[in-house]
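Step one of this worksheet: look at the structure below.
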Amino acid sequence: MQKFITKVEKRIQGVMSGIDRVLFRGSLRRLTHSLGMKRYLAENNILCKQYEDHVKEISQKVKKAALEPFNQQNLLVKHVCGNDDKDRIARTFAAERGITAGDVCALSVVEMAPTFQHYKKDMEMRRRPCLTIYHYRIDPEFGWMHARIQTWFPFSFTFASMAGNG
């Protein structure tokens, strides 16, 4: 962990230490507010009223890219319900397959997430149903981990490593 902190220390705003997990959250900051989204659309010659068609096209590309490595390895790729225990599903699959390191599975679920909606001549931030993909992996050094990827703008993500739970 110290190597990582040393490598990126100029970009770190704060450090929290704990014994059970490492958590990173991120987004495309420029696209986390309506003005940034309008600039993105203008720079790409997309009218606000074309937003929904554009985001569907981009979302499909993100979904395909996120699931492809798991499909290629013949690992579980499954859509689950929001109240399903995704971690339990992934751990059960890893145990059944005898996976002790590497990719485990990818699970998708529809969750409420902040995204944009075209309203009159503006783009407004709204919480809407959004396809989210969870990647599960077992790292030899860091143990059990997952990444949560939102497939709609602003493409927020979370990465969590559960130390000692591999």
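Odds and ends about this structure:
- Residue 104, sole failed condition from (1) surrounded by fewer than 19 Cβ atoms within 10 Å (Cβ to Cβ); (2) modelled with pLDDT of 85 or more: (1)
- The set of residues in the range 140-150 that are in contact (Cβ under 8 Å) with a residue 24 or more places away in the chain, assigned to a strand (DSSP E or B) and over 8 Å from the mean Cα position of the chain (by Cα) comprises 144, 146.
- Set 153, 116, 93: member being in contact (Cβ under 8 Å) with a residue 60 or more places away in the chain and either surrounded by fewer than 19 Cβ atoms within 10 Å (Cβ to Cβ) or not in a strand (DSSP E or B) (or both): 153
- Residues in the range 32-90 that are under 20 Å from residue 127 (Cβ atoms) and aliphatic (A, V, I, L, M) were compared, and the one that is surrounded by the fewest Cβ atoms within 10 Å (Cβ to Cβ) is 35.
- Every condition in (1) over 16 Å from residue 76 (Cα atoms); (2) touching a Phe, Trp or Tyr at 6+ places or on another chain (Cβ under 7 Å); (3) of a type outside the set (S, T, N, Q); (4) touching a residue at least 24 places away in the same chain (Cβ under 8 Å) holds for residue 105 except the one numbered (1).
- Each residue in the range 47-61 was checked for being closer than 14 Å to residue 116 by Cα and either basic (Lys, Arg) or in a loop (DSSP other than H, G, I, E, B) (or both), and 3 pass.
- Lone unmet requirement of (1) touching a helix residue (DSSP H, G or I) at 6+ places or on another chain (Cβ under 8 Å); (2) surrounded by 13 or more Cβ atoms within 10 Å (Cβ to Cβ); (3) modelled with pLDDT under 85 for residue 21: (1)
The values are calculated or read from the model by the stated rules, or taken from the named source; none is laboratory data. All values derive from a computational prediction rather than experimental measurement. Here Cβ is always computed from backbone atoms with ideal geometry, including for glycine, and neighbour counts include all displayed protein chains.
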